[in-house]
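Values in this text are rule-based calculations from the coordinates and carry no lab data. Source: prediction; values computed, not measured. Here the Cβ positions follow ideal geometry from the backbone for every residue, glycine too, while neighbour counts run over all protein chains shown.
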Amino acid sequence: MNVGMYEDRIVIDPEVRHGKPVIKGTRVPVDIILGSLAGGMSVEEVAEEYGITREDVLAAIEYAAKIVAKEEIKEYA
């Protein structure tokens with residue numbers, strides 16, 4: 001997978017799925033892909049289930065990783 005591949009495959013459009021990030025050219029949201037993987041489906045199973053490619057699934061994972069990496073952790077007293 002190329003670095004930054006998600007930028008070509010993940011789009012955010014207020015007119016599609018209320019602005020949630022989706023796979024380009026589909027209405028498949030990133031959160032559904034991640035939830036399916038977390039639920040035990042394989043990358044190939046997710047791709048087949050939602051009619052997307054293996055690269056689309058990997059792009060969703062990369063997108064989520066970039067979002068999490070930007071989070072700031074604050075200590076609560």
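From the coordinates of this entry, volume of the Cα convex hull per residue in Å³ is computed, and it appears in (1) 104; (2) 84; (3) 117 under the label (3).
Membrane-span-like helices of the chain, defined as complete DSSP H segments with a Cα extent of 15 Å or more along the helix axis and a mean Kyte hydropathy of at least 0.0, are identified as 54-69.
Under 1.5 on a/c is rounded, so check that first for the stretch 1-42, then, if it is not, pick prolate when a/b is larger than b/c and oblate when it is not; a ≥ b ≥ c are the square roots of the alpha carbon gyration tensor eigenvalues.
Working: a/c = 2.66, a/b = 1.17, b/c = 2.27.
In terms of gyration-tensor shape, oblate.
Look at where the Cα atoms of the stretch 9-25 and of the stretch 36-77 average out, and the two centres are 15 Å apart.
Among the chymotrypsin sites (Phe, Trp or Tyr not before Pro) in the chain, those placed in a DSSP loop whose Cβ has at most 10 other Cβ atoms within 10 Å are Y76. Residues whose amide H comes within less than 5 Å of that of I10, counting only those at least five positions distant or on another chain, are K24 (H built at 1.01 Å from N in the peptide plane). If R0 is taken as 35 Å, the Cβ-Cβ distance between T53 and H18 corresponds to a FRET efficiency of 0.90.
Helical content of the chain, expressed as a calculated mean residue ellipticity at 222 nm, amounts to -13500 deg cm²/dmol (DSSP H runs of 4 or more residues, -39,500 (n - 2.57) each, divided by residue number, nearest 500).
If the chain linking R27 and K66 were pulled fully straight, counting 0.36 nm for each residue of separation and taking away their Cα-Cα distance, it would gain 11.9 nm.
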